[in-house]
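Quick notes on the structure that follows.
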Amino acid sequence: MWIIIMLGVASAGGVWLWHFHNQKWERLVFPGATLRLRYRDDVGAVTERMVTVREVLGRGGDASIEAYCHLRGAERSFLRQRVITFDAVPVADAPVAPPAPGVDESTSRWVARTLAEEFAEKYANEIIVLVNMARREGQMSPRERRMIVDYVKTLDGGSDIAADDLNRCVKGVYAGLGTFYNALRELALHPLEARIALYGVAVKIADTNDMRHDGENSALASMVKLMNLPHE
């Protein structure tokens with residue numbers, strides 16, 4: 001009888017631990033996030049490394065991530081079942097990853113696929129920053145997309161952009177963490193009023209969830225620091 005009870009307790013503990021681990025994975029692992037991993041490779045060797053997530057594939061125990069590995073200086077794939085421990089690296093402390101393979105280093109060209117060249121060249125950084133804030137497992141909600149569209153429409157020249165074109169652009173553009181950093185540094189040169197307005201939209205996007213996750217808080221803190229905004 002006691003053996004059965006103990007087995008039941010152990011089983012329940014294992015289920016609880018997996019549920020906790022799964023919640024942490026869903027909360028911290030998303031495109032653009034930087035993670036600190038302890039990882040066991042296919043021959044059993046364990047290494048500690050920082051990685052910048054490019055893409056999250058699958059769910060549960062079969063999940064994996066495509067990421068830039070800062071230890072190896074290259075793109076790598078990581079199986080979730082081989083991840084021993086993981087934690088988020090705050091945006092302010094994360095190293096900058098290079099653009100993802102196949103993505104032009106000129107971020108304005110990513111936006112210019114669907115928008116007028118002159119407008120995209122001028123406002124690419126604002127769009128990149130807000131798209132980065134709105135990432136949710138590689139997606140963004142319609143409400144968040146609407147906030148970005150509405151903000152861009154207020155910019156000089158933005159009112160001439162067709163809403164459908166802008167919506168397609170916002171839906172499809174990929175904002176990596178390295179690009180996020182670079183965009184913030186360039187935006188630091190903008191007038192204070194413009195920087196505050198952009199930050200206000202970023203805060204609204206972060207607050208669309210019931211509770212901000214660590215990545216959103218770190219991103220907002222990085223905006224304040226790198227854009228030279230008055231501290232809250």
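Just so it is clear, none of the values below were taken in a lab; they were calculated from the coordinates. Remember, it's a predicted structure, so these values are computed and weren't measured experimentally.
Tabulated values for the structure
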{"item": "Rotationally averaged projected area of segment 27-89 (alpha carbon convex hull; nm²)", "result": "3.9 nm²"}
{"item": "Amide proton proximity set for ALA63, modelled H, under 5 Å, gap of 5+", "result": "ARG80"}
